[in-house]
Amino acid sequence: MFNNSIRIGALTAALLLGACQGEEASEPPQQRAPQAVKIVPHEVSYATDTVRVEAVGTARARASATIQAEVAGEVLAVNFTAGDKVSRGDVLIRLESRAEQLAVEQAEVARADAQRLIDRYNRVSTPGVIAGNELDRAEAAYDAAEIQLSIARDALGDRTIRAPFSGYVGLTDIDPGARVTPDTVLTRLDDRDVLYVDFPVPEQTFGRIGAGDVFEVEPFSNPDKTYEAEVLTIDSAIDTQTRAYTVRTAIDNSEDQLRPGMSFRIGFELPGQQYPSVPEASIVWGGDGAFVWAVKNGETTRVPVTIVNRTEGMVLVRGDIPEGSWIVEEGVQKVRQGTPVEMPASRNVRPVATNGLASGGQAAAQP
């Protein structure tokens, strides 16, 4: 009986032990907190995007004209040599003008005769001797003679070709005795004291260049020499084919070292907008584009970005990344959305809240 009692007690103890073990097995295991990932962070700073503009322009004179005669005729004299500097109104070429001179003299005689008749009528003091209509006809004859004289003088003036403005005359193939017509090119006249140079500039720079801006240009004929080109005006439209607009500049050529038609190279940088500057290694590419891992409250947050420009290992991006916030520079492959990160002891992460993004929480592990 004692042995039975012992067996019953042992069996009961075994059953109780099994029940306890079953209860322990049914309890869920305790979840462990995720371990912080070590990263190399980068504090975001902003940098200005610059646009490099390089273009080629062709110079033209401030004023330029092709000299031609108004009428046909024989050349009597050529009063210039190629390269001469002339003033406005100087005589360049004279055409044979004997008939026109005679027409002027005839018109002067007719005007003088009409004036004498008017004077004779005015000296008669007796009323009624001279009819009023006779005096009217005499005055009308004088007016007609005056008009004919003006026409004759204009015709005579057309036989003399003068410089329309001050400048330098070019080559000519016309010699005395040659016959010319209004279609004959006599020479060319250029006012090259100031040269205009037009440059095509990309559309994205529109609004950043204004009248009065000064750029340095290099002539292709002498790349070691530079000249200052001042912006005079900007074209009113953008070319739909080239997506560029024209900027007209002026170059002082008072020393007469340059010539119209020369080509000039221009190159300059224009400051643009400011963008976050991040290391190139921090850019991650996903199925929906590029992004960076921002550090927010000690955890990583995915922030989509658009690349604006690349410069020497750094990338200017467009995205919701405040200046002074922190992103993951090295270790991007080890983090996911919400991964706790461990900042190096030398990094003091300060919270920054801008544009709705608070970044840079305390490090997961204290130094």
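The values are calculated or read from the model by the stated rules, or taken from the named source; none is laboratory data. Everything numeric in this text was worked out from a predicted model, so none of it was measured. A quick note on method: Cβ atoms are made from the backbone with ideal geometry, for glycine too, and the neighbour counts reach across all protein chains shown. Note: areas computed on protein heavy atoms with side chains; ligands, DNA, RNA excluded. Shrake-Rupley method; radii C 1.70, N 1.55, O 1.52, S 1.80 Å.
Here the simple spin-label model places points 7 Å from the Cα toward Cβ, and for residue 54 and residue 239 these points are separated by 1.8 nm. Taking the alpha-carbon distance from residue 85 and a cut-off under 30 Å, which lysines remain once sequence neighbours fewer than 8 residues away in the same chain are dropped? Partners found: 225. A simple count of charges around residue 237, restricted to other residues whose Cβ falls under 15 Å of its Cβ and scoring Lys, Arg +1 and Asp, Glu -1, yields -2.
Indicate the gyration tensor shape class of region 97-158 (rounded, prolate or oblate), computed on the Cα atoms with a ≥ b ≥ c the square roots of the eigenvalues: a/c under 1.5 is rounded; otherwise a/b larger than b/c is prolate and the rest oblate. Prolate shape, in that a/c is at least 1.5 and a/b is the bigger ratio. Net charge in the neighbourhood of residue 281 (other residues with Cβ under 9 Å of its Cβ; Lys, Arg +1, Asp, Glu -1) is -3. Peptides 237-243, 316-322 ranked from most to least packed give 316-322, 237-243, packing being the mean of other C-beta atoms within 10 angstrom over each peptide's residues.
Across region 257-274, coupling constants 3J(HN,Hα) worked out from phi with the 6.51/-1.76/1.60 Karplus curve, θ = phi - 60°, read 8, 10, 10, x, x, 5, 9, 10, 9, 10, x, 7, 10, 10, x, x, 7, 9 Hz, and Gly and Pro carry x. On the basis of the beta-carbon distance and an R0 of 51 Å, residue 91 and residue 136 show a calculated FRET efficiency of 0.75. The simple spin-label model puts a point 7 Å past each Cα toward its Cβ; for residue 311 and residue 263 those points are separated by 3.0 nm.
Counted by Cβ distance under 13 Å from residue 85, the other residues give a net charge of -4, where Lys and Arg count +1 and Asp and Glu count -1.
The order of the peptides 143-149, 202-208 by mean Cβ neighbours within 10 Å, most packed first, is 143-149, 202-208. Cross-link partners of residue 38 among lysines, defined as those whose alpha carbon lies under 30 angstrom from its own and excluding same-chain residues fewer than eight positions apart: 296, 334. Here the contact order of region 65-130, divided by its residue count and restricted to Cα pairs under 8 Å and six or more residues apart, works out to 25 percent. Here the extension length gained between residue 40 and residue 66 equals 2.2 nm, from 0.36 nm per residue of separation less the Cα-Cα distance.
Each residue of region 92-99 was assigned a 3J(HN,Hα) from its phi angle through the Karplus expression (A = 6.51, B = -1.76, C = 1.60, θ = phi - 60°), giving 9, 9, 10, 9, 4, 9, 4, 5 Hz with x at Gly and Pro.
Distance from the alpha carbon centroid of region 171-194 to that of region 66-92 works out to 6 angstrom. If R0 is taken as 41 Å, the Cβ-Cβ distance between residue 147 and residue 171 corresponds to a FRET efficiency of 0.50. These residues, 263, 236, go from largest to smallest accessible area, 1.4 Å probe, as 236, 263. Just flag the GluC sites (Glu not before Pro) in region 249-295 sitting in loop per DSSP whose Cβ has no more than 15 other Cβ atoms within 10 Å. In loop regions of region 249-295 (DSSP not H, G, I, E or B), the sparsely surrounded GluC sites (Glu not before Pro) are 255. With a simple spin-label model that places each label point 7 Å from the Cα along the Cα-to-Cβ direction, the separation between residue 112 and residue 179 comes to 3.5 nm.
What FRET efficiency comes out for the pair residue 105/residue 162, r = Cβ-Cβ distance, R0 = 22 Å, nearest 0.05? Step by step, r from the Cβ atoms, then E = 0.50.
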